[in-house]
Amino acid sequence: MPKHRRPVPTRRPGPRFVWRLAHTAAAVVLLVRAGSADAAPYWPGAAEADPPTGESASVPAPPTLTAGNGIEWRLAPIQTSGSVSLDTRWQRLEDGTRTSLGLVFNDIDFATHVWQPWFIQLRAGLGTLVARDTTRGPDAPTTSNNSSALTGRFSATVFPVSRFPFELRAEVSDSRTRGDTLATDYRSERLSLSQSWRPETGSGSVTGNLEQSRLRASDGAEDTVTSLRASALRDFADHSFELSGQLTRNDRTDSDDTSRLAMLAARHSFHPASALHVDTLATWNDLQLRSGTGVTRFESASDIRQLSSFATWRPREGEPLYSLTSPMYLTGSVRLVDAVTDSGAAQQHVRTMNASLGATQDLTREWRLAAALSATQADTDGAAALNSATGNAAVTYTPEGLTVGEWRYSPSLGASLGLTRSSDAGDRRTFGAQAAHGLSRSISLRETDSVSFNLTQGVNALHDSQAQLLTRSLIHSLGVFWQVSGDTASQSYAGLSASDSRTWAQEHGSFQLVNLQLSRRTQLSRHASWSGNLTLQSTRSDSAQIDVLSGIPRQASAGWQRFYSGSLSYEHQRAFDVPRLRYTALLALNSQQLERRAAGDVDAPRERITESVENRLDYTIGRLEARLSARLVRFDGRSVASLFAHVQRRY
């Protein structure tokens, strides 16, 4: 059962007539004509003087305090603007509970700068709200609560258009002022610090950002995300350096869940004018998770450090191994990994080292030869180190495609040979053969429409000398794609792909995947348009394994796993032929919702929505704005229907 909605406890507004007086005052302010008030312009250059008014046009300037370089430490005239709004919201939960909320909100914004707009910019805002919340339960008496709260924001930007801008932002907001809260009202506290720097010459930059987001629900639960990010880039001739780091933490008081993610990465790229390219990457990732309480408490931690370097070289004219008719491509890599995992019940420490060297040479336009050598060492705590060396060679034949009627036919053949020597399993030889062919065709239906078909089939066979086992596999795939291009009023795309793979060996199994993608955007008229996209995907994996105790095949199948996501929107800029009346319909679906706040996303909402349907009317005339919205949402296995009315007057 959803939790009882309670307003954010701040201060009581007093007698009941104060509530009625606030509504009346808001209605009056909405109808009062207000003067223009814009924010101060923020751009280098001297501000224009105010025009003279009457006989008092000449007013002596106040004394100013100056510092070095002629800096005048005084504020520019403060520009103000604001708005007052009246909101009403009704909600119905799936258990029959009904809630209603009436809200009056007044917000004022201030903008100024110190000395010049390019020196220091200042912005601030203050909001006051008065709310009345009523809850009607199916088997509970009706309860009403009055509450009031303050919101505010402040930002300061130092040298905003320089090479080293600094910005400070702080904000306290209330979800009731937005009208999109689903089950529980909450207050949001946000703090952000950012600093950037770039040199006068050359390519490079340094940035740092610290953010904290705290969502404080009306039931007292808190969800806090703290994120620290930094990065540095620098290029020197043929070298490029990049250093980045991130530390995020998420804490929740209602469930005692905690997650911490730390990441540090350093990258060096060597890219001279020749065809040699070397990329080296060093990373460190530390993840700690804690969830649940009591006997269901779960804790896990992982610490992974790795160093990898990858090099490619294609000899050019005048360099060794160059051949005009048979070009060669060389690759090499080195990778070191040190990983520690702790699930609470057991801890495992693994260290691996791997080095490889490969070469690919085009013998002709159809024949290609490839060979590679690799060596690996794996060391696990409590077990002997494992050493292995592998060498393999492969040859492929890919002739130029043939035209069969309106179809394009593309065959390919391949063979491979591999030899592996390991300290625990001895010698192992593998022999493989592959064959594949495909058909493709593109059909132009009209000048702007086209349909394409792709059909491929592949067969593979691999013999393992160690297990004396022949593994065979058969793969089929089909794709149909339709798209419309060249029409500015409408763009469409549809794609359907399916694949099936089957394997026969001592163990046999199959895997199927079906994927459907649809997207369309259409301009119905001058004022109306709609757009949508949909992705449907379904997979199934079946396998049969031999039970080592009974020798009887044991079938294992997870069945079809389905996933969908999509959105559909319709917008009319002149609904019911009324100027400035906009109608919007929104539909959003997503069967999988990631825990973004636990992953360190400070912008992620508190509630994870899987299905949402909304119809909205917006009307603007001058400084008066109005909105009427009806919404049906499903999140965390619960559904909420809401109706929201909003009227706002800017001044």
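The values are calculated or read from the model by the stated rules, or taken from the named source; none is laboratory data. Here the structure is a predicted model, which means the values were calculated and not measured. For neighbour counting, all protein chains shown are included, and Cβ atoms are generated from backbone atoms with ideal geometry for every residue, glycine included. Areas reflect the complete protein model, heavy atoms only, side chains present, ligands, DNA and RNA absent. Shrake-Rupley method; radii C 1.70, N 1.55, O 1.52, S 1.80 Å.
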Practice task
Would you check which residues across the stretch 207-244 are without any contact (Cβ under 8 Å) to a residue 40 or more places away in the chain, among the hydrophobic types (A, V, I, L, M, F, W, C) and farther than 21 Å from Pro165 by Cβ and list them?
Solution key: Ala221, Phe236, Ala237, Phe241
Handout entry: From the options Asp424, Asp464, residue that is charged (D, E, K, R) and surrounded by fewer than 16 Cβ atoms within 10 Å (Cβ to Cβ)
Key = Asp424
Exercise for the section: Would you mind stating whether Asp257 is surrounded by fewer than 16 Cβ atoms within 10 Å (Cβ to Cβ) and touching a residue at least 60 places away in the same chain (Cβ under 8 Å)? Expected result: no
Practice task
Within the stretch 631-651, identify whether any single residue is part of a loop (DSSP other than H, G, I, E, B), surrounded by 15 or more Cβ atoms within 10 Å (Cβ to Cβ) and at pLDDT below 95, and answer yes or no.
Solution key: yes
Problem - the stretch 551-572, residues that are small (Gly, Ala, Ser) and modelled with pLDDT of 90 or more - result: Ser565, Gly566, Ser567, Ser569
Handout entry: Pair list, Cβ < 6 Å and 6+ apart or interchain, from the stretch 329-352 residues that are closer than 30 Å to Ser274 by Cβ to residues that are open to solvent by 70 Å² or more (accessible area, probe 1.4 Å)
Key = Tyr329/Arg314; Gly332/Leu357; Ser333/Phe310; Leu336/Leu307; Leu336/Met353
Handout entry: Number of the exception - Phe431 against (1) touching a Lys or Arg at 6+ places or on another chain (Cβ under 8 Å); (2) part of a strand (DSSP E or B); (3) closer than 30 Å to Gly391 by Cβ
Key = (1)
Problem - Every pair of residues 6+ apart whose Cβ atoms lie under 6 Å, when the first sits in the stretch 384-401 and is over 17 Å from Ala371 (Cα atoms) while the second is surrounded by 15 or more Cβ atoms within 10 Å (Cβ to Cβ) and among the acidic types (Asp, Glu) - result: Ala385/Asp379
Practice task
Would you tally the residues in the stretch 442-466 being in contact (Cβ under 8 Å) with a residue 24 or more places away in the chain, farther than 30 Å from Leu417 by Cα and small (Gly, Ala, Ser)?
Solution key: 2
Handout entry: All strands (runs of 3 or more DSSP E) inside the stretch 295-380 with 2 or more residues being of a type in the set (S, T, N, Q) and more than 36 Å from the chain's Cα centre (by Cα)
Key = 347-362, 367-380
Fill in the blank from the handout: Note: among Asp139, Asp174, Asp185, just one is out of contact with any Pro (no Cβ under 8 Å at 6 or more places or on another chain), of a type in the set (Asp, Glu) and under 16 Å from Asp223 (Cα atoms), namely Asp174
Practice task
Would you be able to tell me the number of residues in the stretch 204-237 that are in a loop (DSSP other than H, G, I, E, B) and at negative phi?
Solution key: 3
Problem - From the options Arg267, Arg190, Arg214, residue that is surrounded by fewer than 17 Cβ atoms within 10 Å (Cβ to Cβ), over 26 Å from Ser343 (Cα atoms), of a type in the set (Lys, Arg) and at pLDDT 85 or above - result: Arg267
Fill in the blank from the handout: Reported set for the stretch 116-147 where residues are under 30 Å from Arg169 (Cβ atoms) and among the polar types (S, T, N, Q) is Gln116, Gln121, Thr128, Ser147
Practice task
Starting from the stretch 488-507, take each residue that is more than 28 Å from Gly566 (Cα to Cα) and part of a loop (DSSP other than H, G, I, E, B) and list its partners that are modelled with pLDDT of 85 or more and open to solvent by 80 Å² or more (accessible area, probe 1.4 Å), counting only C-beta distances under 8 angstrom and pairs at least six apart or across chains.
Solution key: Ala505/Leu470; Ala505/Arg472
Fill in the blank from the handout: Every listed condition ((1) farther than 25 Å from Thr352 by Cβ; (2) surrounded by 15 or more Cβ atoms within 10 Å (Cβ to Cβ); (3) in contact with a Phe, Trp or Tyr (Cβ under 6 Å, 6 or more places away or on another chain)) holds for Leu233 save (3)
Exercise for the section: Could you tell me whether the stretch 404-415 includes any residue that is open to solvent by less than 70 Å² (accessible area, probe 1.4 Å), under 27 Å from Val350 (Cα atoms), touching a residue at least 12 places away in the same chain (Cβ under 8 Å) and in a strand (DSSP E or B)? Expected result: no
Completion exercise
Selection over the stretch 585-608 where residues are more than 22 Å from Thr253 (Cβ to Cβ) and surrounded by fewer than 17 Cβ atoms within 10 Å (Cβ to Cβ) yields a count of 6
Exercise for the section: With the condition kept exactly as written, say whether any residue in the stretch 366-375 is open to solvent by 50 Å² or more (accessible area, probe 1.4 Å) and touching a residue at least 40 places away in the same chain (Cβ under 8 Å). Expected result: no
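Residue-by-condition table, conditions (1) touching a Ser or Thr at 6+ places or on another chain (Cβ under 6 Å); (2) over 30 Å from Thr293 (Cα atoms):
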residue	(1), (2)
Leu210	no, yes
Glu222	yes, no
Ala232	no, yes
Arg249	yes, no
Ser269	yes, yes
Fill in the blank from the handout: Picked from the stretch 465-522 (must be among the acidic types (Asp, Glu) and under 33 Å from the mean Cα position of the chain (by Cα)), the residue modelled with the highest pLDDT is Asp500
Completion exercise
Every listed condition ((1) farther than 22 Å from Arg521 by Cα; (2) open to solvent by 70 Å² or more (accessible area, probe 1.4 Å)) holds for Arg582 save (1)
Exercise for the section: Please find, among Thr331, Thr352, the residue that is of a type in the set (S, T, N, Q) and in contact with a Gly (Cβ under 7 Å, 6 or more places away or on another chain). Expected result: Thr331
Practice task
Kindly indicate whether Thr620 is outside any loop (DSSP other than H, G, I, E, B), surrounded by fewer than 16 Cβ atoms within 10 Å (Cβ to Cβ) and of a type outside the set (A, V, I, L, M, F, W, C).
Solution key: yes
